Amino acid sequence: MTSILVACVGNIFSGDDAFGVEVARRLARVALPDGVRVIDFGIRGIDLTYALMDGYDAVILVDAAQRGEAPGVVSVVEPDPVEIENPAREDLSLSPHELDPAKVLRLASALGGNCRRVLLVACEPLTFGGDEGVMELSAPVAAAVGVAAETVEELIEEMMAA
């Protein structure tokens, strides 16, 4: 049986950064196959690091990411595998108040995590709310939540069939 972690990340106080959190809410209403876990990690990078050590066959990260697209565009990215032989200090440190997926993947690799496949379902943000913060998604990013949830479901279906 294939085991898949859908790791949704983001900060609900920072506008479109809450994209992953909203996708997790949407996926919570969907019946997913056995072996699939959807977790809203918010900004808890340490929790995500430990989850990546649990031996999943695949991880689908869901997050807002600036990729130079129009706001609300959803894309699937397969990051290069992370392998760290001699980790630098910055590879092993996480802030308890933010979650940088690249740092989390480096730390999990340095600690011996061995996930065969990692995908990122990313949404181009419009705003992170500035210094004041915003507790809602912008219109184009809110419209992309359903698209991203469907994309995650399709990726799960493909992985389970492989």
Checklist outcome for this item: Ignoring ligands and nucleic acids, TYR50 exposes an accessible area, probe 1.4 Å, in Å² to the nearest 10, of 150
Next on the checklist: Please compute the length gained on full extension between VAL73 and ALA161, using 0.36 nm multiplied by the number of residues separating them and subtracting their Cα-Cα distance.
Outcome noted: 29.0 nm
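Rounded to the nearest 0.05, what FRET efficiency do PHE13 and ALA139 have when you use their Cβ-Cβ distance and R0 = 22 Å?
0.75
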Item to check | Summed side-chain charge close to VAL30 - residues other than VAL30 whose Cβ falls under 11 Å, Lys, Arg +1, Asp, Glu -1 | outcome: +1
Next on the checklist: Computing the accessible area with a 1.4 Å probe over protein heavy atoms, can you report the carbon and sulfur percentage for the range 1-53?
Outcome noted: 52
Item to check | Under Karplus coefficients 6.51, -1.76 and 1.60, residue-wise ³J(HN,Hα) of the range 31-40 in Hz, glycine/proline x | outcome: 7, 10, x, 4, x, 10, 10, 10, 10, 8
Checklist entry - Just by accessible area at a 1.4 angstrom probe, what is the order of ASP17, ASP40, ASP63, ASP34 from largest to smallest? => result ASP34, ASP40, ASP17, ASP63
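The values are calculated or read from the model by the stated rules, or taken from the named source; none is laboratory data. Quick caveat: nothing in here was measured; it's all calculated off a predicted structure. With ideal geometry, Cβ positions are generated from the backbone for all residues, glycine too; neighbour counts draw on all protein chains shown. Note: areas computed on protein heavy atoms with side chains; ligands, DNA, RNA excluded. Shrake-Rupley method; radii C 1.70, N 1.55, O 1.52, S 1.80 Å.
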